[in-house]
1. Suppose we keep just the alpha-carbon trace of segment 116-175; what are its Rg and Dmax in angstrom?
2. Restricting attention to the alpha-carbon atoms of segment 232-303, what are Rg (one decimal) and Dmax (integer), both in Å?
3. Which of LYS103/LYS153; LYS107/LYS151; LYS107/LYS131; LYS99/LYS153; LYS47/LYS151; LYS159/LYS197 have a Cα-Cα distance over 29 Å?
4. For the chain, set up a Gaussian network in which alpha carbons nearer than 10 Å are linked by springs, and say which option among GLY223, GLY27, GLY87 fluctuates the most.
5. Using θ = phi - 60° and the Karplus curve 6.51 cos²θ - 1.76 cosθ + 1.60, what whole-Hz ³J(HN,Hα) does each residue of segment 29-38 get, with Gly and Pro shown as x?
6. Compute, for segment 1-160, the length of the dipole vector about the Cα centre, with Cβ point charges of +1 (Lys, Arg) and -1 (Asp, Glu) only. Units Debye, rounded to 20.
7. Once you've got the GNM for the chain with C-alpha springs shorter than 10 Å, pick whichever of MET97, MET23, MET272 has the biggest mean-square fluctuation.
8. Which values, in whole Å and largest first, are the semi-axes of the equivalent ellipsoid of segment 1-69 obtained as the square root of 5 times each eigenvalue of the Cα gyration tensor?
Amino acid sequence: MQQFGKVAVMMGGSSAEREVSLMSGSGVLAALLSQGVDAHPFDPAEKPLEHLKSEGFDRVFNILHGPFGEDGTLQGALETLGIPYTGCGVMASAICMDKWRTKLLWKGAGLPIPDFELLTDDSDFDAIEAKLGLPLFVKPSTEGSSIGVTKVKNPGELKAAYEEARKFDPIVIAERFIGGGEYTCAIVDDKAYPTIKIEPATEYYDYQAKYFRDDTVYRCPSGLAPEVEQRARELCLAAFRVLGCAGWSRVDFLMDEEGGIYLLEVNTNPGMTSHSLVPMAARAEGLSYEDLCVKVLAAAHVG
């Protein structure tokens, strides 16, 4: 596929999600090569971005996860270099990487989210436990892959969970537990793919469950009633658009026992490993892993 020119698969990096990015990148690289794309690995932890120009790259498939690759930093650099790249632009990447500000925008747009509180050193932790109820989740605002997340189950444990999350980010949120099931919806080219229900064998969908365990159950189709499935896809697409997302993303959401849907977060560079969910949703849509990679690459843009 010579129309894409020389393609850099941006993978690795120096965030806490480097290992996952390398796994995702290896899959994407192999898929693009199998489709005749002139693709090459590019690890920004090993050489500077200026090499993209000096080595003659025409576009970038960005599969970096976490800070630098997913927070608008890389996107801004590629805009400056004038090299088309996959995924969201500078603003949407920066916002989606920040769970707190994502929630504020969704809330302002009238979209449903779980109740939450911003935590600081001066927070009344007992009062927040009482307000949100137990169990609840504590999360650093700008990490992915459930890094730094704690499920607080017992009274008096919130402060310790906050201190753990603060190791990863100064902005920490406490979020009400929604217990009716965890789901995700892939958005590719402004189209919502079939939702997936995630049933981890662990306490919650943590780092090991996401990438390494083989006992996490994924249901695609998710088993939602047709009208609920349609409502979920429409809501996730609205969430994607409100944040200014482009190309592709994965919108995670929760359901309560009464069937209410609550938006959780957006992954603007979703995982592309053997355990990843966007390829699974694409298969349900009739799209192979290789075709998905080419589709994402074809939407690369500047500006």
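The values are calculated or read from the model by the stated rules, or taken from the named source; none is laboratory data. All values reported here derive from a predicted model rather than from experimental measurement. For neighbour counting, all protein chains shown are included, and Cβ atoms are generated from backbone atoms with ideal geometry for every residue, glycine included. All accessible areas refer to the heavy atoms of the entire protein, side chains included, with ligands and DNA or RNA removed. Shrake-Rupley method; radii C 1.70, N 1.55, O 1.52, S 1.80 Å.
1. Computed over the Cα atoms of segment 116-175, radius of gyration and Dmax are 10.1, 28 Å.
2. Computed over the Cα atoms of segment 232-303, radius of gyration and Dmax are 13.4, 43 Å.
3. LYS47/LYS151; LYS159/LYS197
4. GLY223
5. 4, 4, 5, 5, 4, 5, 9, x, 7, 7
6. 380 debye
7. Largest GNM mean-square fluctuation: MET23.
8. Those come to 20, 15, 8 Å.
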